[in-house]
Amino acid sequence: MNPNKCPHCGLINAATDTTCRRCGASLSGQEVAEVPLVDETTPRRGIGRRLIWIAGTTALLLFVFYMSLLLTSEDLDYEQNQSVNRAIALLEEKGFGSRAFVLRRLVRYRSSDSWWNQSVGHHDAYAATNFPFEVLTLYPEFFLVAVDDEERAAILLHESYHLLGSGEETALEQVWRDKQRLGWTADKYGRTKVWINTRELTMAQVPNLFICGTDGKSDCTQ
């Protein structure tokens, strides 16, 4: 037996069928009541709904990541918090109001490494910033090696640039240019470990700041 092809939708039906199995059209040439086709396809999401879904999912993942940084690290103790507050107050006093605002209002301070910091490591750092999560880890050296609140203010000023997305070179250059304004000078701090470390790093990454003087090797910001 030869199959019947529906003249309406083209479906191949059995030879014994008198109406199309898909659309209900007559296979004998006589019209029957037309059965509307059912759209079985899933409606597509609009571009707006897709963007909202992507944004919501991204926000959730970022929040989970942020919380994991906090839950896998430790908060500052009372004395450490007091040291940080004094250093920020010095920045405000010296005219670094916007930087002090970021450090005081937008940052979560930690005293130990989160899982992320442990995975990427650090090299003899006084602090480490997790941008853009505004999580700032202060290592024991920040409290023990820095000789006073003014040196701690210099370190926080450096980290404030990282908190806003700047790289190491920019942070080193800006702090070195502003050290006189901050009161962090060679006369008073030239022999401290923080000063020596910062000067060496700045010379290595921003050598154009040390090409002045008769010898061509002096600090141009003095």
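Just so you know, all these numbers are worked out from the coordinates, no wet-lab data involved. Owing to the predicted nature of the structure, the values given are computational and were not obtained by experimental measurement. With ideal geometry, Cβ positions are generated from the backbone for all residues, glycine too; neighbour counts draw on all protein chains shown.
Before moving on, here are some points about what is shown:
- Qualifying residue in the stretch 160-176 (condition: in a helix (DSSP H, G or I), of a type in the set (G, A, S) and buried (at least 16 other Cβ atoms within 10 Å of the Cβ)): yes
- Each residue in the stretch 177-196 was checked for being touching a residue at least 12 places away in the same chain (Cβ under 8 Å) and surrounded by fewer than 17 Cβ atoms within 10 Å (Cβ to Cβ), and 7 of them qualify.
- Boolean, W184 is assigned to a helix (DSSP H, G or I) and either of a type in the set (F, W, Y) or more than 21 Å from A153 (Cα to Cα) (or both): no
- Checked against (1) closer than 18 Å to T72 by Cβ; (2) touching a residue at least 60 places away in the same chain (Cβ under 8 Å); (3) out of contact with any His (no Cβ under 9 Å at 6 or more places or on another chain), N117 passes all but a single condition, namely (2).
- Flag not set for A204, criterion: more than 21 Å from E92 (Cα to Cα), in contact with a strand residue (DSSP E or B) (Cβ under 6 Å, 6 or more places away or on another chain) and outside any loop (DSSP other than H, G, I, E, B).
- Residues that are exposed (fewer than 11 other Cβ atoms within 10 Å of the Cβ) and not in a loop (DSSP other than H, G, I, E, B) within the stretch 207-221 comprise P207, N208, listed in sequence order.
- For the stretch 187-197, filtering for residues that are closer than 14 Å to E150 by Cα, part of a helix (DSSP H, G or I) and under 34 Å from the mean Cα position of the chain (by Cα) leaves 4.
- Helices (runs of 4 or more DSSP H) fully within the stretch 82-151 counting 1 or more residues that are over 15 Å from L163 (Cα atoms), basic (K, R) and under 20 Å from the mean Cα position of the chain (by Cα): none
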